[in-house]
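Undergrad: Input: one structure, supplied below.
Read the figures in this text as sums done on the coordinates, not as results from a lab. Source: prediction; values computed, not measured. Virtual Cβ from ideal backbone geometry, glycine too; neighbours counted across all protein chains shown.
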Amino acid sequence: MRVRSVAVERTKAKSSDESTGGDLADQLVGAVNQGTKEMGNKGKISKASCLRGAPGSYACSYVRKAPGKTADCAVALIRRTRQAGLVKLTVHAAGKVSLPPSRCGPVTKVLHALGATG
C-alpha cells in the first residue's frame, strides 16, 4: 500500500487541533485539486464528504474525474496532523467503490452501502 501526504496551509484549518468533517472535506478537495494542477494533471475531485472517527482520523467519500474517463465514486481513510505550521493530510487507504457518482455522498451513506456501518 502506498501512503500519500499533502500539506494544507494553516490558514485553511481551524484554530483547534481537530477539524470537522466538512472542514476536512474542503481541505481535501483544495489540496488534491491544487496538487494535481501543479503536476500538470487535469483530474479533479469534487463532492467530498468526511466523517471524523478517532481524533485526527477521517473517512471521506468523493467523486473523482480524470479527462477522458467516466467519473467514479471513491473513499479514503485519512489522518490529519499538524507539522511545521502546516496541516498534513495523509491518505492511508483509498479506492473506487461501486456506487454511481450521483450516489457518492454523504460519506455515511457510502459506508453504509459498503456494509461498513451498522
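Undergrad: May I ask you to order 93-101, 106-114 by the average number of other C-beta atoms within 10 Å around their residues, highest value first?
TA: 106-114, 93-101
Undergrad: Is the shape of the stretch 4-113 best called rounded, prolate or oblate, per the rule: a/c under 1.5 gives rounded, else a/b larger than b/c gives prolate, else oblate, with a ≥ b ≥ c the square roots of the Cα gyration tensor eigenvalues?
TA: Because a/c hits 1.5 or more and a/b fails to exceed b/c, the stretch 4-113 counts as oblate.
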